[in-house]
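Right, one structure below, let's go through it.
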């Protein structure tokens with residue numbers, strides 16, 4: 001490469017990164033797909049609608065284990081953006097989820113998952129966000145044969161992560 005070519009590549013690379021950072025800071029809107037885990041342990045594929053000042057996450061989980069049964073989980077989360085940086089944002093919000101388990105032996109149960117959380121999303125690239133959240137999670141367990149309610153409070157062990165690809 002000649003010196004002019006190297007300089008041109010460096011200039012274009014710099015402009016692209018500045019444009020990406022400006023796009024992330026100005027506010028964006030679009031949809032994304034990925035995977036997340038909530039503070040209550042509900043894990044699955046996510047569909048995210050990002051409106052710039054807030055984002056809505058829909059979560060779907062399915063587990064089928066031979067000789068153990070099936071579990072289906074659905075959830076929704078809403079986060080309001082409090083602060084936006086050059087390639088990250090900080091949000092607060094909450095979520096609601098349901099997990100229906102149908103074991104091979106025994107009665108089926110439906111647990112209710114509630115959470116309040118703070119979330120940080122770091123945009124590793126213009127269309128890829130890594131997220132982590134912490135907060136309070138409550139699982140209201142169903143079942144007459146020993147179902148138990150669970151309360152978790154965010155700390156060093158209740159920090160959960162996700163990754164989302166956005167189609168801007």
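The values are calculated or read from the model by the stated rules, or taken from the named source; none is laboratory data. Bear in mind the structure is a predicted one, so any value in this text is a computation, not a measurement. Glycine also receives a Cβ, built like all others from the backbone with ideal geometry; neighbour counts cover every protein chain displayed.
Quick notes on this structure:
- 1 or more residues in contact with a helix residue (DSSP H, G or I) (Cβ under 9 Å, 6 or more places away or on another chain), surrounded by 18 or more Cβ atoms within 10 Å (Cβ to Cβ) and modelled with pLDDT of 50 or more: qualifying strands (runs of 3 or more DSSP E) within segment 1-77: none
- Options 163, 112; residue that is surrounded by fewer than 17 Cβ atoms within 10 Å (Cβ to Cβ), modelled with pLDDT of 90 or more and under 20 Å from residue 46 (Cα atoms): 112
- In this structure, residue 50 does not satisfy being closer than 18 Å to residue 137 by Cα and in contact (Cβ under 8 Å) with a residue 12 or more places away in the chain.
- Output for segment 117-129, where each listed residue is surrounded by 15 or more Cβ atoms within 10 Å (Cβ to Cβ) and in contact with a strand residue (DSSP E or B) (Cβ under 7 Å, 6 or more places away or on another chain): 117, 118, 119, 120, 121, 123, 127, 129
- Filtering segment 133-155 to residues that are at pLDDT below 60 and either part of a strand (DSSP E or B) or more than 18 Å from the chain's Cα centre (by Cα) (or both) leaves 144, 145, 146.
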